[in-house]
Amino acid sequence: MNKKVKVAVVGLGFGAEFVPLYQKHPDAECYAICQRSEGHLNEVGDQFGVERRFTKFEDLLEIEELDAIHVVTPVAAHAWMSLASLNAGKHTACTVPMATTKEECLEIVKARKKSGKVYMMMETAVYTREFLYAKELVESGKLGKIQFLRGSHQQNMSLPGWPKYWYGLPPMYYATHAVSPLLALAKKEVESVVCHGSGTIRK
């Protein structure tokens, strides 16, 4: 029997949805959870039966037997937590966006190479039924040669449960939801980027 990967989930808003997924995966286990709010931490821990609970992210980095950290926190913490995790020798997964500046992205790439660990930007759009169906069509040849791809992403914010700070996020933070599926279907990397803006973000 292969050793199960011990994963800690950091951020238990959207992140709480990943706890039972790791518990059900045959090759992984949700070894620990981390959330600043102790009340919510215990609520999720009790719901899913996770014993190891932390309110301080830094404490996770000291757990020698922990294999991986999954960062599902507010955007501002993505880069520094990913860097800290990699530098502590942990495999690292992070919800999108990877970071908010090119410099932070490059730092993460360098840290991954130096650590020798796996880093994954957890782009959920490439695991949807719609994407997997499109992938099947492309790979089967039913669509012929791909000449042009266009992507868009709409988020229904009228549904309950979204963090309040999301309502004011710049749309470019989630461009990955529109772009990643296209790159995956084309099996290409980006060569150039052109941006056109309009309007302003309300303060």
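The values are calculated or read from the model by the stated rules, or taken from the named source; none is laboratory data. Values in this document were obtained by computation on a predicted structure and should not be read as measured data. Cβ sites come from the backbone with ideal geometry, for glycine too, and all protein chains shown count toward neighbours.
Among residues of the stretch 62-78 that are free of Cβ contacts under 8 Å to residues at least 24 places away in the same chain and not assigned by TED's automatic domain parsing to the domain that holds residue 162, none has a Cβ under 7 angstrom from a residue that is among the basic types (Lys, Arg) and surrounded by 19 or more Cβ atoms within 10 Å (Cβ to Cβ) at a sequence gap of 6+ or on a separate chain. Pairing each residue of the stretch 176-203 that is farther than 17 Å from residue 145 by Cα and in a loop (DSSP other than H, G, I, E, B) with any residue that is among the acidic types (Asp, Glu) and at pLDDT below 90, provided the two are 6+ apart or on different chains, yields no C-beta distance under 8 Å.
Take the conditions (1) of a type in the set (A, V, I, L, M, F, W, C); (2) closer than 24 Å to residue 127 by Cα; (3) out of contact with any Ser or Thr (no Cβ under 6 Å at 6 or more places or on another chain); (4) surrounded by 19 or more Cβ atoms within 10 Å (Cβ to Cβ); residue 28 misses just one of them, which is (4). I'd like to know if the stretch 112-119 contains one or more residues that are touching a strand residue (DSSP E or B) at 6+ places or on another chain (Cβ under 8 Å) and either touching a residue at least 40 places away in the same chain (Cβ under 8 Å) or part of a loop (DSSP other than H, G, I, E, B) (or both). Yes, the stretch 112-119 has at least one match. Among the residues making up the stretch 89-111, a single one is touching a Gly at 6+ places or on another chain (Cβ under 9 Å) and free of Cβ contacts under 8 Å to residues at least 60 places away in the same chain: 89. Of the candidates 81, 98, the single residue that is part of a loop (DSSP other than H, G, I, E, B) and under 21 Å from residue 109 (Cα atoms) is 98. Residue under question is residue 103, and the condition is that it be modelled with pLDDT of 95 or more and of a type in the set (Asp, Glu); does it hold? Yes. Of all residues in the stretch 18-70, those satisfying the criterion of being among the charged types (D, E, K, R) and touching a helix residue (DSSP H, G or I) at 6+ places or on another chain (Cβ under 7 Å) are 29, 53. Evaluation of residue 8 against the conditions (1) assigned to a strand (DSSP E or B); (2) modelled with pLDDT under 95 shows that the sole unmet condition is (2).
Filtered by the rule that a residue be basic (Lys, Arg) and either assigned to a helix (DSSP H, G or I) or surrounded by 11 or more Cβ atoms within 10 Å (Cβ to Cβ) (or both), the stretch 131-148 gives a lone residue, 135. Could you list, in sequence order, the residues of the stretch 84-95 that are touching a strand residue (DSSP E or B) at 6+ places or on another chain (Cβ under 7 Å) and not in a strand (DSSP E or B)? Within the stretch 84-95, 85, 86, 90 qualify.
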